[in-house]
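Worksheet: the structure to be examined is printed underneath.
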Amino acid sequence: MSGWQSWAAIAVFAGVYVLIITEWVHRVAAALGGAGLMLAIGATDDIAAFHSDKTGIDWNVIFLLLGMMMIVGVLKRTGLFEYLAIWSVKKAKARPFRVMAMLVIITAVASALLDNVTTVLLVAPVTLLVCDRLKLPAMPFLLAEVFASNIGGTATLVGDPPNIIIASRAGLTFNDFLVHLAPLCAVLIAVLVLLCRVMFAKYFIYDEKRAAEIMELREREAITNPRLLAQGLGVLALVVAGFVLHPVLHYEPSVVALLGAGLLIAISKVETGEVLDEVEWPTLAFFAGLFVMVGALIEVGVIGDLASALAHAIGGNELGGSMLLLGGSALLSGIVDNIPYVATMAPITSELVTDMGGDPDHVMWWALALGADLGGNATAIGASANVVVLGIAERNRQPITFWQFTKYGLIVTAATITVSALYLWLRYFALAA
């Protein structure tokens, strides 16, 4: 690519970023407009934008979201989310902070077993109902959950899409992630709960009268269609099994989700048009535009140059390199979506590990995973789960602004990256010496 196209692509991306931050135009319009400009200036083309798995729209992510949104749309008709909302509030004695802590832990565990995007699609509707019952703003609860989903997803190979990319490039197994990252993630969730207690303290307003009313509710009465619930949970269980058995079945999560959605609609005989009305189409459109823009930055070499500069700065210094990779990945993943960033950085990290004579489970891989996954919490567009939650909030007329997200996200990212740096130093250098 010529020099002017590189600078033009940077200008377009920066301009769109400003529009998203300031909310002068809707983020979907900004992303799609930016994608169109990238195509117009020749920073990318239709082949790279629509048919490449490295520089274009990640259709696996798009169709995974579509399939899971359809399944969630069917489950909404059963009363399941109302049941879970009442149950969780009663278990927490209607105390707002206890409710948040419970939802954070549930979200983190589910994100490790499923993936963080699927988890927030399932948990967010419950959260909105909980907040409605308690007459509390949904914003702090949704933010706490999306932070937990990105932290919990870091713990396993299937929890966050960047981990799948890293595992494929490094030859790492599911158990490798459990051994190296799960203990740290448990600590980070505890840190997150403490941060939430401080960050969102003004929102924890306990209404004794409303709490008493909720404690008298019978959650089982919320289930309006037991037959449909059984069908929906059965299909969801099959979908989850398909996700977990990916190394054996070799079906992409998007294929599993779409098969599940099709099966559920077929056996339940729910009106297809009604289910499609539940899909967050603006969120899918935003992802498409964002993927094209970031793909254009890859095409013109901008992201590659940044990654190469980071690799050059690292050299052969393992301790300094792992810290730089951790911090640099966190910074860049907060600006661009962490999936294309890791796709670009993984081969460079592989060369670094080879030059250092490291094993497949070298510290550099864990630094990359932690930086990319946890850095995704920094801004509203840093990770896929963030965009999904903002879309759900907006659809339910409780919008979360870019700055609201970033104000808290930067605090969470700074704290978790600091703890991660201490963990990497202690486990791979201090104790290994």
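Miscellaneous remarks
- Figure legend. Inter-residue proximity from the range 288-316: first residues on the phi > 0 side of the Ramachandran plot, second residues at pLDDT 85 or above, beta-carbon distance below 8 Å, spacing 6+ or different chains. Indicated pairs: G301/S6; G315/G321.
- Residue, modelled with the lowest pLDDT, within the range 1-41, restricted to residues that are hydrophobic (A, V, I, L, M, F, W, C) and not in a helix (DSSP H, G or I): M1
- One residue from A330, A343, A367 being in contact with a Lys or Arg (Cβ under 9 Å, 6 or more places away or on another chain) and among the small types (G, A, S): A343
- Among the residues listed as V240, V244, the single one being open to solvent by 70 Å² or more (accessible area, probe 1.4 Å), in contact (Cβ under 8 Å) with a residue 40 or more places away in the chain and under 26 Å from V109 (Cα atoms): V244
- The residue of the range 342-377 that is most open to solvent (accessible area, probe 1.4 Å), among those that are free of Cβ contacts under 8 Å to residues at least 40 places away in the same chain and in a helix (DSSP H, G or I), is D355.
- Residue that is most open to solvent (accessible area, probe 1.4 Å) [pool: residues in the range 189-214 that are over 33 Å from the mean Cα position of the chain (by Cα) and not basic (K, R)]: E208
- Looking at the range 173-285, the helices (runs of 4 or more DSSP H) lying wholly inside it that each contain 2 or more residues that are farther than 29 Å from G375 by Cβ and out of contact with any helix residue (DSSP H, G or I) (no Cβ under 7 Å at 6 or more places or on another chain) sit at 208-215, 226-244, 253-268, 272-276.
- Candidates S88, S52 - the one that is open to solvent by 10 Å² or more (accessible area, probe 1.4 Å) and more than 21 Å from V279 (Cβ to Cβ): S52
- Scanning the range 137-172 for residues that are in a helix (DSSP H, G or I), over 21 Å from L352 (Cβ atoms) and among the aliphatic types (A, V, I, L, M) yields M139, L142, L143, A144, V146, A148, I151.
- Whichever residue in the range 199-217 is in contact (Cβ under 8 Å) with a residue 60 or more places away in the chain and of a type outside the set (A, V, I, L, M) and, among such residues, is farthest from K93 (Cα to Cα): F200
- Hits in the range 302-335 (condition: open to solvent by less than 30 Å² (accessible area, probe 1.4 Å), farther than 15 Å from L368 by Cβ and modelled with pLDDT under 80): G304
- Filtering the range 215-231 to residues that are among the small types (G, A, S) and open to solvent by 50 Å² or more (accessible area, probe 1.4 Å) leaves only A230.
The values are calculated or read from the model by the stated rules, or taken from the named source; none is laboratory data. Fair warning: this is a prediction, and the values are worked out from it, not measured in the lab. So basically every Cβ, Gly included, is an ideal-geometry build from the backbone, and we count neighbours across all protein chains shown. Only protein heavy atoms, including side chains, enter the accessible area calculation; ligands, DNA and RNA are left aside. Shrake-Rupley method; radii C 1.70, N 1.55, O 1.52, S 1.80 Å.
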